[in-house]
Amino acid sequence: EGKVFQHYEGSKNPPKELLWSGQNDQGEWIQAGRAYSPVYMFTDPGGTPFTRVGTPLRYKGIVHQERDGIHITLDSAELWGRAKANQDLTTEGVALMRSAADLIKRRFTGLPLRVEAYAASKELADRQAAAASDYLLKELMLLPQDLSTDSLRTPFSDQRTEIVLVNR
């Protein structure tokens, strides 16, 4: 969106490694599906300023902790097509859901799940939440009572699908 998400500054040479939580100074998480470009601004030893834009970064999925549980946020364009309007998972979407299911199997088995779909309309969000939950029910061999869904209408830039591993 052309806004600064996270800012670092210093003098001398930059560190070899920069650790970052994935949140900005306001506590907002980086979002799956959005492009983030590093912008490097520096001054050479002679005092000449330079600005360079790095290769954009785009994550298909983000895992983070919130008060209600662990959120696995997935890129709607990857799951439901570029227009984010399909009600069936794309081939790439199946692969992304499989990766999310594998993470749940390895690290979070036994926690109740909630699938939250955010789409252009409440009806589309309902269908996408149902498709994602059907996939997870089969892949994780869950009982229907172990998984709930929620859906909301939201602007295009905020559309996503989240799998929430609910705190007990």
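The values are calculated or read from the model by the stated rules, or taken from the named source; none is laboratory data. This one's a predicted model, so the numbers in the text were calculated from it and none came from an experiment. Glycine gets a Cβ as well: all are built from the backbone with ideal geometry, and neighbour counts include every protein chain shown. All accessible areas refer to the heavy atoms of the entire protein, side chains included, with ligands and DNA or RNA removed. Shrake-Rupley method; radii C 1.70, N 1.55, O 1.52, S 1.80 Å.
Counted over the range 1-86 with a bin width of 10 Å, the fraction of Cα pairs per bin, in whole percents, is 13, 37, 31, 13, 5, 0. Against the chain, whose longest principal axis comes from its Cα atoms, helix 91-107 is set at around 90 degrees. Secondary structure note: in the range 43-168, about 75% of the DSSP beta bridges are antiparallel. Coordinate range of the alpha-carbon atoms in the range 58-146 per principal axis, descending: 33, 30, 27 Å. Working note: Cα atoms of the chain, range along each principal axis, descending, whole Å: 66, 32, 27.
Just to confirm the filter: which trypsin sites (Lys or Arg not before Pro) across the range 14-107 are DSSP coil and have at most 13 other Cβ within 10 angstrom of their Cβ? Let's see the in-between values first.
Details: sites: 16, 34, 52, 58, 60, 67, 82, 84, 98, 105, 106, 107; in loops: 16, 34, 60, 67, 82, 84.
Here the sparse-neighbourhood loop sites are 16, 67, 82.
One chain, two ends: residue 145 and residue 42. Fully extended at 0.36 nm per residue, the span grows by 31.6 nm beyond their Cα-Cα distance. Give me the Debye-computed log₁₀ of I(q)/I(0) at q = 0.18 Å⁻¹ for the range 39-83, equal point scatterers on Cα only, no solvent, two decimals. Each listed q corresponds, in turn, to -0.71.
Using only Cα atoms, locate the centre of the range 52-88 and the centre of the range 105-168, then give the distance between them in Å, rounded to an integer. For the range 52-88 versus the range 105-168, the Cα centre distance is 13 Å.
Using a cutoff of 8 angstrom between alpha carbon atoms and counting only pairs six or more residues apart, the relative contact order for the range 1-71 works out to 23 percent. Beta bridges assigned by DSSP with both partners in the range 96-168 are antiparallel in approximately 45 percent of cases. What range in the chain is the longest one free of GluC sites (Glu not before Pro) that are in a loop by DSSP and have at most 15 other Cβ atoms within 10 angstrom? The answer is 29-168.
For the range 80-128, the relative contact order comes to 43 percent (Cα pairs under 8 Å, sequence separation of at least 6). Taken per residue, the accessible surface of the range 2-138 reaches 66 Å², heavy atoms only and a 1.4 Å probe. The length gained by stretching the chain between residue 18 and residue 53 to full extension, at 0.36 nm per residue less their Cα-Cα distance, is 10.9 nm. Between residue 25 and residue 91, the distance separating the two model label sites (each 7 Å from Cα on the Cα→Cβ line) works out to 4.5 nm.
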